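Trainee: Let me give you the structure first, and then I'll get to my questions.
The values are calculated or read from the model by the stated rules, or taken from the named source; none is laboratory data. Quantities reported herein were computed from a predicted structural model and do not represent experimental measurements. Here the Cβ is made from the backbone with ideal geometry for all residues, glycine too, and neighbour counts use every protein chain on show.
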Amino acid sequence: MPCTTILVGKSASYDGSTIIARNDDAGSFHYTAKKVQCIPARKEPTVYKSVLSQVEIPLPGNAMAHTAAPNALEGKGIWAATGVNERNVSMTATETITSNPRVLGADPLVQGGIGEEDIVMLVLPYARSAREGVTLLGSLLETYGTYEMNGIAFQDEKEIWFLETIGGHHWMARRVPDDGVVVMPNQLGIDRLDLEDTEGKENLFSKDLPEFIQKHHLDLTMEGPFDPRAAFGSHADSDHAYNTPRAWFMLRYLLPHAFVWDGAEADYRPTDDDLPWCVRPERKVTVEDVKYLLSSHYQGTPYDPYATYGDSKMRGAYRSIGINRTDLLSINQLRPGMYPDCAAVQWISFASNAFNVSLPIYSRVPEVPEYLSNTGKHATTDSFYWVSRMIAALADASYKTCLAHIERYQLHAASKAHEILNRYDARMLSQPEEEKRLALRLEANRELAEMIRQLSQDTLDKVLYERSNGMKNAYARADA
């Protein structure tokens, strides 16, 4: 899917959490209804069958319970997108990435292999650590192959790993530095890989990757360390409108003073191919920072499609991060200092992030509130997904008059969410009994969902009023 990913190491986050987040965007002129649900543990072995590729994969028993964000409507597969399992291992899949003809000619994609539809359901129930998630997926890629290029993030409370596929069967993965932040548009991103790291301390890769590189003359480095982005990635003109500007804007936000970002003397420009994959931010990163970046549309630059300043020809020149066809954003946060069953929180948003809010839920639960899980085919105000779609469509059409309502909505929702989480965190930390902590998590999720439901309904009322006033057939004179 055409998505955007941000990964935040534990020393770079505001509270010592590891954080992984991804916009799950639909294809052009398409919107995929999503929901959140809890998948129970399974003791028996089973056989997984992909809807798209029809590949069948035997799966072992003892699958762990986990959350997932699948498609709400049946027909095209599960597409579980993201989740957290009962060992507090989290993943998000996938970031569709790019490659080049030399790689795809050396290791062709496998039409009967695995893809984004399948990956979460094949790996998350069995991964006991982020590192093990990488090796499990790597084994599946080597055995069954893949029909598309993808990037996948894995997270536990200690570390984050990011895996990128290379052709049909090869792969590489980097451990995100604890003080690092990764920004990923739809482009192969890893810009450094130590092929001498055979112990896998910071780098993991398919067994024969060094031989594969040498045999097919993929190393394009003239001098210095091996550059996997040059070897395996794309260098298309379209990247400069669709991909590199997104990375540029996120890096600009994280490192506002370290480099010159604008003008003739800029160190980095929106069209540069050498934008770093991972940086140490100038300050610690919050959940709100991640949400802002994944909602962004080049605010404060000439490229903002909503701008009323600058050269009108440049507005909307580049693909925004927060676009109209975002289906889901999940910010997965694994927090230190909590009982393990209370550490995982997923901040869930639906539809266009520029206009929505995040609903946090404690992930280690057997069920989620109906407001998150009841998405159906038809628009309704009883569904968080559909209310978010309605608010976005109405507010976008009356951006100037609706912006204040959206800003208040987002501020109130985030503030109240933190207040509720803080209150329940304190209660759980003082509760030694696991069953009572579970009851508290369920209670907290219900309160959070109801809070967001009320704020969303109120905001829908307001943006509907503003949009009604802006109708073309409006007339000021009353009948009386």
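Trainee: I'm told LYS43 meets every condition in (1) modelled with pLDDT under 95; (2) under 21 Å from LEU136 (Cα atoms) except one. Can you identify the failing condition by its number?
Mentor: Looking at each condition in turn, LYS43 falls short on (1).
Trainee: Something else now. Could you tell me whether any residue of segment 15-23 is assigned to a loop (DSSP other than H, G, I, E, B), over 19 Å from the mean Cα position of the chain (by Cα) and either more than 30 Å from ILE190 (Cα to Cα) or among the hydroxyl-bearing types (Ser, Thr, Tyr) (or both)? Spell out how you get there, then give the answer.
Mentor: In the first step, residues of segment 15-23 are kept if they are assigned to a loop (DSSP other than H, G, I, E, B); the result is 15-17.
So of that shortlist, the ones also over 19 Å from the mean Cα position of the chain (by Cα) come out as 15-16.
Going one step further and asking which of them are either more than 30 Å from ILE190 (Cα to Cα) or among the hydroxyl-bearing types (Ser, Thr, Tyr) (or both), we end up with none.
No, segment 15-23 contains no residue that is assigned to a loop (DSSP other than H, G, I, E, B), over 19 Å from the mean Cα position of the chain (by Cα) and either more than 30 Å from ILE190 (Cα to Cα) or among the hydroxyl-bearing types (Ser, Thr, Tyr) (or both).
Trainee: Which one of GLY27, GLY105 is not hydroxyl-bearing (Ser, Thr, Tyr) and not in a loop (DSSP other than H, G, I, E, B)? Don't jump to the end; show me each part of the working.
Mentor: On the way: GLY27 fails: not in a loop (DSSP other than H, G, I, E, B).
Matching residue, one of GLY27, GLY105: GLY105.
Trainee: Which one is surrounded by the most Cβ atoms within 10 Å (Cβ to Cβ) among residues in segment 374-392 that are in contact (Cβ under 8 Å) with a residue 40 or more places away in the chain and of a type in the set (S, T, N, Q)?
Mentor: Taking the candidates together, the pick is SER388.
Trainee: In segment 206-230, what residues are of a type in the set (A, V, I, L, M, F, W, C) and in contact (Cβ under 8 Å) with a residue 60 or more places away in the chain? Explain how you work it out, then say what you get.
Mentor: From segment 206-230, those of a type in the set (A, V, I, L, M, F, W, C) are 209, 212-213, 218, 220, 222, 226, 230; that's our starting set.
Hits for segment 206-230 are PHE212, LEU218.
Trainee: Moving on. Please work out if SER11 is among the small types (Gly, Ala, Ser) and more than 30 Å from VAL279 (Cα to Cα).
Mentor: Values: among the small types (Gly, Ala, Ser): yes; more than 30 Å from VAL279 (Cα to Cα): no.
Judged against the criteria, SER11 is not a match.
Trainee: Looking at segment 320-342, which of its residues are crowded, with 20+ Cβ neighbours inside 10 Å and either over 18 Å from GLU288 (Cβ atoms) or in contact with a Leu (Cβ under 7 Å, 6 or more places away or on another chain) (or both)? Break it down stepwise before answering.
Mentor: If we filter segment 320-342 for residues that are crowded, with 20+ Cβ neighbours inside 10 Å, which is where we start, we get 320-322, 326-335, 342.
Answer for segment 320-342, where residues must be crowded, with 20+ Cβ neighbours inside 10 Å and either over 18 Å from GLU288 (Cβ atoms) or in contact with a Leu (Cβ under 7 Å, 6 or more places away or on another chain) (or both): SER320, ILE321, GLY322, ASP327, LEU328, LEU329, CYS342.
Trainee: So which strands (runs of 3 or more DSSP E) are wholly in segment 314-402 and hold at least 2 residues that are of a type outside the set (Asp, Glu), modelled with pLDDT of 95 or more and closer than 21 Å to ARG246 by Cα? Even if it seems obvious, please write down each step before you answer.
Mentor: Working: elements: 326-334, 344-350, 359-362.
In segment 314-402, 326-334, 344-350 are the strands (runs of 3 or more DSSP E) which contain 2 or more residues that are of a type outside the set (Asp, Glu), modelled with pLDDT of 95 or more and closer than 21 Å to ARG246 by Cα.
Trainee: Of everything in segment 45-56, what is under 10 Å from GLY113 (Cα atoms) and in contact (Cβ under 8 Å) with a residue 24 or more places away in the chain? Give them in sequence order.
Mentor: Filtering segment 45-56 down to residues under 10 Å from GLY113 (Cα atoms) leaves 50, 52-56.
Result: SER50, LEU52, SER53, GLN54, VAL55.
Trainee: Next question, about the same structure. Condition test on GLU434, is it over 25 Å from ILE323 (Cβ atoms), in contact with a helix residue (DSSP H, G or I) (Cβ under 9 Å, 6 or more places away or on another chain) and surrounded by fewer than 19 Cβ atoms within 10 Å (Cβ to Cβ)?
Mentor: Values: over 25 Å from ILE323 (Cβ atoms): yes; in contact with a helix residue (DSSP H, G or I) (Cβ under 9 Å, 6 or more places away or on another chain): yes; surrounded by fewer than 19 Cβ atoms within 10 Å (Cβ to Cβ): yes.
Yes; evaluated as a whole, the condition is true for this residue.
Trainee: I would also like to ask the following. Of all residues being among the polar types (S, T, N, Q) and either assigned to a loop (DSSP other than H, G, I, E, B) or not assigned by TED's automatic domain parsing to the domain that holds LYS215 (or both) in segment 226-275, which is nearest to the chain's Cα centre (by Cα)? Just the residue, please.
Mentor: Restricting to residues being among the polar types (S, T, N, Q) and either assigned to a loop (DSSP other than H, G, I, E, B) or not assigned by TED's automatic domain parsing to the domain that holds LYS215 (or both), the top hit is ASN243.
Trainee: Next question. Does at least one position in segment 290-298 carry a residue that is surrounded by 19 or more Cβ atoms within 10 Å (Cβ to Cβ), of a type in the set (S, T, N, Q), touching a helix residue (DSSP H, G or I) at 6+ places or on another chain (Cβ under 7 Å) and on the phi < 0 side of the Ramachandran plot? Write out each step before concluding.
Mentor: The initial filter retains those residues of segment 290-298 that are surrounded by 19 or more Cβ atoms within 10 Å (Cβ to Cβ), namely 290-291, 293-298.
Next, only the ones that are of a type in the set (S, T, N, Q) stay: 295-296.
Add one more test, that the residue is touching a helix residue (DSSP H, G or I) at 6+ places or on another chain (Cβ under 7 Å), and what stays is 296.
Now drop any that are not on the phi < 0 side of the Ramachandran plot, which leaves 296.
Yes, there is a match, as at least one residue in segment 290-298 is surrounded by 19 or more Cβ atoms within 10 Å (Cβ to Cβ), of a type in the set (S, T, N, Q), touching a helix residue (DSSP H, G or I) at 6+ places or on another chain (Cβ under 7 Å) and on the phi < 0 side of the Ramachandran plot.
Trainee: Name every residue in segment 404-431 that is touching a helix residue (DSSP H, G or I) at 6+ places or on another chain (Cβ under 6 Å) and under 10 Å from TYR362 (Cβ atoms), in order of residue number.
Mentor: Those that are touching a helix residue (DSSP H, G or I) at 6+ places or on another chain (Cβ under 6 Å) and under 10 Å from TYR362 (Cβ atoms): TYR424, MET428.
Trainee: Give segment 33-61 a look and list any residue that's closer than 23 Å to ASN332 by Cβ and either exposed (fewer than 12 other Cβ atoms within 10 Å of the Cβ) or of a type in the set (Lys, Arg) (or both), or say none.
Mentor: The answer is LYS34, LYS35, PRO40, ARG42.
Trainee: Go through (1) surrounded by fewer than 18 Cβ atoms within 10 Å (Cβ to Cβ); (2) under 30 Å from GLN299 (Cα atoms); (3) touching a Phe, Trp or Tyr at 6+ places or on another chain (Cβ under 6 Å) one by one and return the number of the condition ALA395 breaks.
Mentor: Evaluating ALA395 over (1) surrounded by fewer than 18 Cβ atoms within 10 Å (Cβ to Cβ); (2) under 30 Å from GLN299 (Cα atoms); (3) touching a Phe, Trp or Tyr at 6+ places or on another chain (Cβ under 6 Å) leaves (1) as the failure.
Trainee: Scan segment 404-424 and report the pairs whose first residue is touching a residue at least 12 places away in the same chain (Cβ under 8 Å) and buried (at least 17 other Cβ atoms within 10 Å of the Cβ) and whose second residue is in a helix (DSSP H, G or I) and of a type in the set (S, T, N, Q), with Cβ atoms within less than 7 Å and a gap of 6+ or a chain change.
Mentor: Every condition considered, the pairs that remain are HIS405/THR459; TYR409/THR459.
Trainee: May I pose another question? Does ARG325 satisfy the condition of being touching a residue at least 60 places away in the same chain (Cβ under 8 Å), under 22 Å from LEU403 (Cα atoms), of a type in the set (Lys, Arg) and touching a strand residue (DSSP E or B) at 6+ places or on another chain (Cβ under 6 Å)?
Mentor: Criteria met by ARG325.
Trainee: Further question: Among (1) surrounded by 19 or more Cβ atoms within 10 Å (Cβ to Cβ); (2) in contact (Cβ under 8 Å) with a residue 60 or more places away in the chain, where does HIS66 come up short?
Mentor: (2)
Trainee: Let me ask something else about it. Please go through segment 170-215 and pick out each residue that is among the charged types (D, E, K, R), under 29 Å from ILE321 (Cβ atoms) and in a loop (DSSP other than H, G, I, E, B). Don't jump to the end; show me each part of the working.
Mentor: Of the residues in segment 170-215, the ones among the charged types (D, E, K, R) are 174-175, 178-179, 191-192, 194, 196-197, 199, 201-202, 207-208, 211, 215.
Those still in the list that are under 29 Å from ILE321 (Cβ atoms) too: 174-175, 178-179, 191-192, 202.
Hits for segment 170-215 are ASP178, ASP179, ASP191, ARG192, GLU202.
Trainee: Within segment 451-469, can you find the residues that are among the small types (Gly, Ala, Ser) and surrounded by 14 or more Cβ atoms within 10 Å (Cβ to Cβ)?
Mentor: From segment 451-469, those among the small types (Gly, Ala, Ser) are 456, 468; that's our starting set.
Of everything in segment 451-469, just one residue is among the small types (Gly, Ala, Ser) and surrounded by 14 or more Cβ atoms within 10 Å (Cβ to Cβ), namely SER456.
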